[in-house]
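No value in this document is a laboratory result; all are computed from the given coordinates. Keep in mind that what you see is a predicted model, and the values were worked out from it rather than measured. Every residue, glycine as well, gets a Cβ built from its backbone with ideal geometry; the counts of neighbours run over all protein chains shown.
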Amino acid sequence: MRPTAALASLAALVPLLLAASACSKESDRAADRTTASASPSAEATDPPSTTSTTTGSAGTGAFPGYGPQDYTYELEVLCYCPQVGTVEVVVRDGEVTEATSLDGPTAGRSAPDFARLTIDEIIAMANDPQVAKTRVDWPEGQDHPDAVMLDRIAQGVDDEVTYTIKNVRVGVTG
């Protein structure tokens, strides 16, 4: 292969590799949490009764709604989508009134629509019969899940999304 042909091939490959790697994780904290939860040793150290994980077909309506109407929480969205980092979501009267990126490339900016979700909207997606597969991590005795993972299209590519819910503060709305 001539040097110019090799350079042209490399030049075409680099943007593809960068795009794929840029969309792999929302933030370093999310990557650390995902790796820890996926490893067998992490599962062995967690008490088995603290988290209920349900995997299966969506749309069963098995997951109850979230009761509070006024709260603030942090959301991380892991998907093949623009990276926004952790988002602080403010909910009043059951509606998102504010959603701001806390870290990542868009820190301090208003979050895009796909990250402007109430906890009820995330739970509703897990209950949606159109979603091919769900996994919900819901700690026992807690009134909301910690994570909702959706595979929207069976055998589809780049349609999976994970919503991580943390630091929920009821009654605190900005």
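Below is a table of values for the structure above.
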quantity	calculated
Fewest-first sequence of Val89, Val131 by Cβ atoms within 10 Å of each Cβ	Val131, Val89
The range 69-86 - phi-based ³J(HN,Hα) in whole Hz, Karplus 6.51/-1.76/1.60, Gly and Pro as x	9, 10, 6, 10, 8, 10, 10, 10, 10, 10, 6, 8, 8, x, 7, 10, x, 6
For the range 96-112, 3J(HN,Hα) per residue [Karplus equation, 6.51 cos²θ - 1.76 cosθ + 1.60, θ = phi - 60°, Hz, x = Gly/Pro]	5, 9, 7, 8, 10, 5, 9, 8, x, x, 10, 3, x, 9, 5, 6, x
5 angstrom amide H check on Thr97, placed H, neighbours 5+ away	Val90, Val91, Arg92
13 Å beta-carbon shell around Val136, net charge (K/R +1, D/E -1)	-3
